[in-house]
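Working notes, beginning with the structure itself.
The values are calculated or read from the model by the stated rules, or taken from the named source; none is laboratory data. All of these numbers come straight from a predicted model, not from anything done at the bench. Positions of Cβ are generated from backbone atoms using ideal geometry, with glycine treated the same way; all protein chains shown enter the neighbour counts. Quick note on the areas: whole protein, heavy atoms, side chains included, nothing else; ligands and nucleic acids left out. Shrake-Rupley method; radii C 1.70, N 1.55, O 1.52, S 1.80 Å.
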Amino acid sequence: MRQRSRRRIMRATVELVDQHGYAGTTLSDIAERAGLARGLLSYYFDGKRLLMQSATHRMMHQSLSSALAELAPDATPEARLARAIDAVLGLALDHPRVMRSHLALILDPDTGSFVQDPEQQQLGAILQGLLREWGAPDPAAEHAVLRSALMGGCIGLLLPGAEVPLAPIRADLFRRYDLPWELGRPPQPLPQPLPLPLPLPLPPERERPPARG
């Protein structure tokens with residue numbers, strides 16, 4: 001019962017923030033959407049910020065697990081890692097308000113530190129397992145790098161007024177892990193290759209002086 005109530009609260013949080021944003025969503029709204037008493041939210045979560053982070057971690061954990069479950073059992077480590085990267089970046093496009101709110105909270109030192117709740121720990125364990133299969137010599141250390149790279153990629157996708165298209169962000173991450181572009185779920189259009197510099201014009205040939213006879 002306790003776990004069901006927590007899941008209902010976190011699901012309601014994601015739904016409401018998707019619709020109204022973090023500032024426009026109150027704990028009372030969440031309790032009403034979840035069909036629970038307002039006091040239960042304070043019993044399960046110590047404030048709106050912690051609830052928001054936990055709800056986002058649950059959304060990420062569920063999305064990642066579902067994406068990996070779609071692959072064939074014999075999928076290569078590269079295919080699984082590619083699918084995981086696409087799943088996380090896809091959340092920024094599918095749930096921009098939720099992801100913007102989550103990133104804003106964890107980057108603001110005045111609101112507290114990064115929350116390592118059970119959902120976040122499960123998410124981290126999946127990513128570390130994928131990196132171990134891929135061949136990372138230190139999966140824990142590489143997970144910290146991947147987590148930061150994914151966070152930066154999501155910021156690039158969501159930065160108001162300066163959004164970067166998905167394709168170059170994905171291409172940069174795929175290059176880091178030597179993943180073929182066609183793995184996962186490639187976006188369209190494909191990233192455009194950087195233009196090659198134009199060759200400099202050759203100097204005109206100098207006329208040879210007449211041979212002296």
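Values computed for the structure shown
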quantity: Residues located in the stretch 123-141, provided they are without any contact (Cβ under 8 Å) to a residue 12 or more places away in the chain, in a helix (DSSP H, G or I) and charged (D, E, K, R); calculated: ARG132
quantity: Selection within the stretch 140-170 - surrounded by fewer than 18 Cβ atoms within 10 Å (Cβ to Cβ) and over 15 Å from the mean Cα position of the chain (by Cα); calculated: ALA140, ALA141, PRO160, GLY161, ALA162
quantity: Matching residues, the stretch 30-57, being among the charged types (D, E, K, R) and open to solvent by 60 Å² or more (accessible area, probe 1.4 Å); calculated: GLU32, ARG33, ARG38, ASP46
quantity: Residue within the stretch 102-122 that is more than 26 Å from PRO180 (Cβ to Cβ), of a type in the set (Gly, Ala, Ser), open to solvent by 20 Å² or more (accessible area, probe 1.4 Å) and not in a loop (DSSP other than H, G, I, E, B) present; calculated: yes
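Every residue, every condition in (1) at pLDDT below 95; (2) small (Gly, Ala, Ser); (3) under 13 Å from the mean Cα position of the chain (by Cα), yes or no:
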site	(1), (2), (3)
LEU36	yes, no, no
LEU51	yes, no, no
SER54	yes, yes, no
LEU68	no, no, no
PRO77	no, no, no
LEU91	no, no, yes
SER101	yes, yes, no
PHE114	yes, no, no
